[in-house]
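Everything below concerns the one structure shown next.
The values are calculated or read from the model by the stated rules, or taken from the named source; none is laboratory data. The structure presented is a predicted model; accordingly, all values stated were derived computationally and were not measured. The protein model used for the area step is the full one, side chains on, heavy atoms only, and it has no ligands, DNA or RNA in it. Shrake-Rupley method; radii C 1.70, N 1.55, O 1.52, S 1.80 Å.
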Amino acid sequence: MDWKTYTISDPGGAAEIEVVPDRGGIITRWRIGGEDILYLDEERFTNPELSVRGGVPILFPICGNLPDNSYTYHQQTYTLKQHGFARDLPWEVAATTPGGSITLVLTSNDHTRSVYPFDFRIVYTYQVQGDTLTIRQEYTNLGAEPMPFSAGLHPYFTVKDKSSLQFEIPSKAYLNQRTGEMQPFSGNFDFDSDEIDVAFGNLTGTSAIVTDSSRRLQVLMESDPSHCYLVFWTVKGKDFYCIEPWTAKRNAINTGENLLNLAPGATQEITARFRAKFF
């Protein structure tokens, strides 16, 4: 399937992003000086039946998956698949600017209410400027009850040689999401593992840095204080790694842990910023 793509360029001409509103409001590409910063699985992207592996998928109203893909609210059980529905639905383009930005909107509808019984409006503004990509988010509760939710981003960064990666993450331990065990973080990962899926909590700062010495590329991620977790995920044999800011870990909508609760009529603003610098 062909999806309408918006190309947003930095006014200085050094960088650009590509955004596909109808495919979950996703950024599919980010290029600086013609170099791709993000990974994209083209085959999955073109198949609307599959979730996208690549770009920067949007996670809402949950991050991660739920036991049996279900949660309970007011004694009623609802089904939500992994990472929620925002990454699968079409978003509306509200504005584009010559200053290198595009604004997208997602509003609740009958489909979202059937799996998540709340009225909401989400506004995302992507801005590319020089070597920096800024993602500004506004979550508004349009209903009469408090709205519980989690939000996150799932950026896929392209990499050819994972052994050349170095990490500066503001945490000394992580939860292995495959085994449920807490493990100390030594500063790197065992990339011989088939899959690495870990969540860093107890963050001591809001910045994380990944240096790819083979590409001479450093990626700095500055996340919002509401991002209580950073998730690192990769799969053996695939040319990507993900470092994901989440406001809560898996199953928060059931456990309530770090769950955001937005009062009726209130808006929560969250910003994430990525800087990609070649050296």
Quick check: convex hull over the Cα atoms of region 22-145, volume per residue in Å³, rounded to an integer?
121 Å³
Let a ≥ b ≥ c be the square roots of the eigenvalues of the Cα gyration tensor of region 169-223; is it rounded (a/c under 1.5), or, if not, prolate (a/b larger than b/c) or oblate?
oblate
Links exceeding 22 Å between C-alpha atoms in this model, out of LYS160/LYS236; LYS81/LYS236; LYS4/LYS81, come to LYS81/LYS236; LYS4/LYS81
Going from most exposed to least, what order do TRP3, TRP233 have by accessible area with a 1.4 Å probe?
TRP3, TRP233
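With all protein chains present, how much of the accessible area of region 169-266 (probe radius 1.4 Å) comes from carbon and sulfur, to the nearest whole percent?
Exposed carbon and sulfur together represent 45 percent of the surface.
Per residue, how many Å² of accessible area does the chain show with a 1.4 Å probe? Write down the numbers at each step before the final one.
Working: 12300 Å² over 279 residues.
On a per-residue basis, the chain sits at 44 Å².
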Nearest-10 value in Å² for the accessible area of GLU181, using the 1.4 Å probe
100 Å²
With only helices counted (DSSP H, runs n ≥ 4, each -39500 (n - 2.57)), the per-residue ellipticity at 222 nm for the chain, to the nearest 500, works out to -1000 deg cm²/dmol
Kindly give the semi-axes, whole Å and largest first, of the ellipsoid equivalent to the chain, taking each as the square root of 5 times a Cα gyration tensor eigenvalue.
28, 24, 17
Whether region 163-279 is rounded, prolate or oblate, judged on the alpha carbon gyration tensor where a/c under 1.5 counts as rounded:
oblate
Gap in Å between the Cα centre of region 6-30 and the Cα centre of region 172-236?
26 Å
If you scale each eigenvalue of the Cα gyration tensor by 5 and take the root, what three semi-axes come out for region 43-99, rounded to whole angstrom and sorted largest first?
27, 16, 10
Just read off the accessible area of MET182 with the full protein assembly in place, 1.4 Å probe, to the nearest 10 Å².
120 Å²
So how much accessible area does GLU257 have, in Å² to the nearest 10, using a 1.4 Å probe?
80 Å²
Just by accessible area at a 1.4 angstrom probe, what is the order of LEU40, LEU50, LEU165, LEU142 from largest to smallest?
LEU142, LEU50, LEU40, LEU165
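Determine one quarter of the surface area of the Cα convex hull of region 76-159, which equals its mean projected area, and express it in nm² to one decimal.
Numbers: hull surface 29.0 nm².
The Cα convex hull of region 76-159, projected and averaged over all directions, gives 7.3 nm².
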Show THR107, THR79 ordered by accessible area, largest first, where the area counts protein heavy atoms only and the probe is 1.4 Å.
THR79, THR107
Could you list log10 I(q)/I(0) for region 94-207 at q = 0.13 Å⁻¹, which the Debye formula gives when each Cα is one point scatterer?
-0.83
